[in-house]
Amino acid sequence: MPTDRKIKLALLIMRLGIGSFLAVWTSLKFIRPEWMVNVFRNTYGLDWITADYAYGVGTIQALLVLAFVLGIYRTLSYSIIVVMHGTGVVGALLGGGLLNFAKFPNNLLWTSVATLAALVALWILRDLDEYTVDGQLSRR
């Protein structure tokens, strides 16, 4: 298999893997909205957040994750996903969760750091990520 196709396949695998990770976190806004409420209240001190906000945030995130997975408006959708996920990582760092990694479930937060690194790498290589809706449209 030529190197160019290997790169495109690797980027597709990376995008689908990251997308599945993000889809799980997004789905939790609908399945367990109280988790998002607890995070926003306990980490950010936003006591006014309710389950209704979780549903709204979940809907917006679901649309963004779908655009990301399909590769629609790659520069925009990948950028928004990097910023969205990056704010969560920064929040976990500032909230002390990443630093207190020996305590469960804080150790699970480190998966978000690896995901952020993969997101940044995918953003850098977004023009080579051609097994996408945008990539297929540009080939025509």
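Values quoted throughout were computed directly from the atomic coordinates according to the rules given, and no laboratory measurement underlies them. Fair warning: this is a prediction, and the values are worked out from it, not measured in the lab. Please note: Cβ atoms are built from the backbone with ideal geometry, for glycine as well, and neighbour counts cover all protein chains shown.
Running a GNM on the chain with Cα contacts under 10 Å, which residue among 24, 83, 69 ends up with the highest mean-square fluctuation?
Ranking 24, 83, 69 by mean-square fluctuation puts 24 first.
So what is the calculated 222 nm ellipticity per residue for the chain, using -39500 (n - 2.57) for each DSSP H run with n of 4 or more, over all residues, to the nearest 500 deg cm²/dmol?
On the way: 6 runs with 104 residues, N = 140.
Value at 222 nm, helices only, nearest 500: -25000 deg cm²/dmol.
Could you list 13, 49 in order of exposure, starting from the residue whose Cβ has the fewest other Cβ atoms within 10 Å? Please list the in-between numbers first.
Working: 13 11, 49 18.
Placing the least packed residue first, the sequence is 13, 49.
Given +1 on the Cβ of Lys and Arg, -1 on the Cβ of Asp and Glu, and no further charges, what dipole in debye does the chain carry about its Cα centre, rounded to the nearest 20?
Values: 12 positive and 8 negative charges, 68 e Å.
Charge dipole of the chain: 320 debye, to the nearest 20.
Would you list 68, 21, 30 from fewest to most Cβ contacts within 10 Å? Before the final figure, lay out each step's value.
Details: 68 26, 21 18, 30 14.
Result, fewest neighbours first: 30, 21, 68.
Only helices at least 20 Å long along their own axis, judged from Cα atoms, and with Kyte-Doolittle mean hydropathy of 1.0 or greater: name those in the chain from DSSP H.
On the way: long enough: 3-31 (41 Å, 0.94); 51-70 (28 Å, 1.56); 74-94 (29 Å, 1.32); 110-124 (22 Å, 1.83).
Passing helices, by number: 51-70, 74-94, 110-124.
Of 86, 19, 96, which is the most mobile in a GNM of the chain whose springs link Cα atoms less than 10 angstrom apart?
96
Which entry is the computed Rg/Rh (Cα atoms, Kirkwood Rh) for this structure: (1) 1.58; (2) 1.09; (3) 1.02?
Correct label is (3).
I'd like the Kirkwood hydrodynamic radius of segment 21-84, using the inverse of the mean 1/r over distinct C-alpha pairs, in Å. Mind showing how you got there, number by number?
On the way: mean 1/r = 0.0818 Å⁻¹.
Hydrodynamic radius (Kirkwood, Cα only) of segment 21-84 equals 12.2 Å.
Relative contact order for segment 16-140 using alpha-carbon pairs under 8 Å, separation at least 6, rounded to a whole percent?
Numbers: 111 pairs, mean separation 29.7, N = 125.
The value is 24 percent.
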